[in-house]
Amino acid sequence: MELGAVLEAVEGRGSAEAVERVLARYNEENRTIFRFDPADEDKRKKLCEGILNILEKDTKTSCQVACLEALRILSRDKKVLVPVTTKRNMQILMRLAKLDTVEDPLERVSEFPVIVEALKCLCNVIFNSAVAQKLSLELNLAAMLCNLLEKCKDQQFVDDIKCFDLRLLFLLSLLHTDIRSQLRQELQGVQVLTQALESSLSVRWTEEYKAAEDRDRPPLSLQETDCAIEALKALFNVTLDSWNVHSENESHQFRYMAAILRHCLLTMGPTEDKTEELHSNAINLLSNVPVSCLDVLIKPSSQEETDIKYNGMNMGAIQILLDFMEKRIDKGSSYREGLTPVLSLLTECCRTHRNIRKFIKAQVLPPLRDVSNRPEVGTTVRNKLVRLMTHVDLGVKQIAAEFLFVLCKERVDSLLKYTGYGNAAGLLAARGLLAGGRGDHWYSDDEDTDTEEYKSAKPNINLITGHLEEPMPNPMDEMTEEQKEYEAMKLVNMFDKLSRDELIKPMGVRPDGTMAPLEEAVSQYHTNKQDSSDSD
């Protein structure tokens, strides 16, 4: 349909019914359009202005829905938002979204489509316009959205309203740091959003920080899943930098949140993809929860609960995290965005909570029996993680190595047993542990026990590759002394040439375990030896 004809109808040259009919046709034709003709930019601006003039008046609900849907389509184009992003026009959209009324309950079901479309428009406008983001703070939009969430709490048929309310809060907290701070400090955003998440997941409590587990409960509906995902994303923004708990009330709030997130991990969505998206956002949010509050993930288990237990603790949620991690590894792409959050979370859980570490180690690093293959070769979780230790992405490589190091209680000898020196060299160099030893964190004193198979194979294991190698013939056995001397000098000359051309630099290990140029490392050893002699 010609844009000129739509503009003519909207600007007052047709009846309300004609406007509605024209806009309905325009919406149908442009529903999937996200790129617009630059030549029609001025017409689209005028159309936005005309639509807002209609919305300012009292018109019937069906006409309002058609106008708002057209405005939502037009607001996908950042260049036409100038007439929309004024205080007057933002207030028109807020009024239609029922954000300007404090007391009025959501009772008229016929108004719900108008509220949903108005919220969708606000999402587009705020996402695409820095001016609208600033106006949102001035108009106190975040407080109004929190109030609307409260009104949705016990209402039926409001999932769409709730979902787009949460999406708008997510966008505001993402795009405007002042609004994020306002939500956290003034508006009790963590509490409001946590309650919205709890409502979306239909959590039933059996005791403090423990939700009822019903194995036969049906999956969440699509609307419930979308609401939960939007709440998780908004909470993630609001709880950034929450590693330190400063009060008993904050500790309670985060434990309460962690218990809901545990329930979320044990909940299924309507499809496999939606379940993965739900769990992914739950894991991202768990990464913001202070690690001291994550003990609620493994509450004591009762007889009728899951069979996944360790030391009397219910490990169902931890098993979900492990399965999620392996699934993301198997995808083979987007490791930084998809894998590092769950690896970071598991690393911190293992570092702080002994039962979690021991349960995970039993699955990821079980006692070694067959050492005939390199640690990175195979299909076990250990093999997959060791392969990541030499990944091209530095962040992925570091967190995979750190996870395995923590599972080994930050003991170098234990890590080398499972990975080989070659795979672990990057981590050890960064930690200053090339000479051996252990990390700074304290762990329990329980010792790992080697299997008989490993003990018998240990003398023949190549420490660099980490696997059992057949004895190789020594090529020097059949050489004369002159030939050996010739080959040795040839090697020295090669190293000397590479060093002079600055293609390589001889390195050594300082007394503290870090790498340094060879001259410096030797000098430090001599200095330390001299100091030791003087003190004697």
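The values are calculated or read from the model by the stated rules, or taken from the named source; none is laboratory data. Values in this document were obtained by computation on a predicted structure and should not be read as measured data. In this analysis, Cβ positions are derived from the backbone assuming ideal geometry, glycine residues included, and neighbour counts consider all displayed protein chains. Side chains are part of the model used for accessible areas, which takes the heavy atoms of the whole protein and leaves out ligands, DNA and RNA. Shrake-Rupley method; radii C 1.70, N 1.55, O 1.52, S 1.80 Å.
Some points to look at:
- Couplings 3J(HN,Hα) for region 254-264, derived from phi with the Karplus relation 6.51 cos²θ - 1.76 cosθ + 1.60 (θ = phi - 60°), are 6, 5, 4, 5, 4, 5, 5, 5, 4, 4, 4 Hz, where x marks Gly and Pro.
- Taking all Cα pairs closer than 8 Å and separated by 6 or more residues, the relative contact order of the chain comes to 7 percent.
- The LEU498 and THR177 beta-carbon pair, evaluated with R₀ = 60 Å, returns a calculated FRET efficiency of approximately 0.70.
- Residues whose amide H comes within less than 5 Å of that of TRP205, counting only those at least five positions distant or on another chain, are ALA212 (H built at 1.01 Å from N in the peptide plane).
- Of LYS120/LYS299; LYS120/LYS327; LYS60/LYS153; LYS153/LYS358; LYS331/LYS455, pairs whose Cα-Cα distance is over 31 Å: LYS120/LYS299; LYS120/LYS327; LYS153/LYS358; LYS331/LYS455
- Normalised by 2.2 N^0.38 Å, where N is the number of residues, the alpha-carbon radius of gyration of region 485-532 equals 1.44.
- Annotation: ARG374 carries an accessible surface of approximately 100 Å², with a 1.4 Å probe and no ligand, DNA or RNA atoms counted.
- Folded to 0 to 90 degrees: helix 340-352 orientation relative to the chain principal axis, Cα: 60
- Helix-derived mean residue ellipticity, 222 nm - over the chain, DSSP H n ≥ 4, -39500 (n - 2.57), to 500: -18500 deg cm²/dmol
- Partners for LYS505 among aspartates and glutamates (Cα-Cα distance below 13 Å; same-chain residues under 8 apart left out): ASP496, GLU519, GLU520
- Cα convex hull of region 187-301 - mean projected area over all directions, nm²: 7.0
- Angle in degrees between helix 354-364 and the longest Cα principal axis of the chain, rounded to the nearest 10: 80
- Dipole magnitude for region 314-358: computed about the Cα centre from +1 point charges on Lys and Arg Cβ and -1 point charges on Asp and Glu Cβ, it is near 180 debye.
- Label assignment, volume of the Cα convex hull per residue in Å³ derived from the structure, set [x] 228; [y] 246; [z] 214: [y]
- In degrees, nearest ten, helix 61-74 long axis to first principal axis of the chain (Cα): 40
- Using Cβ point charges alone (K and R +1, D and E -1), the dipole size of the chain about the Cα centre works out to roughly 1160 debye.
- Ranking SER247, SER456 from most to least accessible surface, computed with a 1.4 Å probe over the protein chains only, gives SER456, SER247.
- Stokes-Einstein D (µm²/s) once Rh is taken as the Kirkwood radius of region 1-139 over alpha-carbon pairs, at 37 °C in 0.692 mPa s: 217
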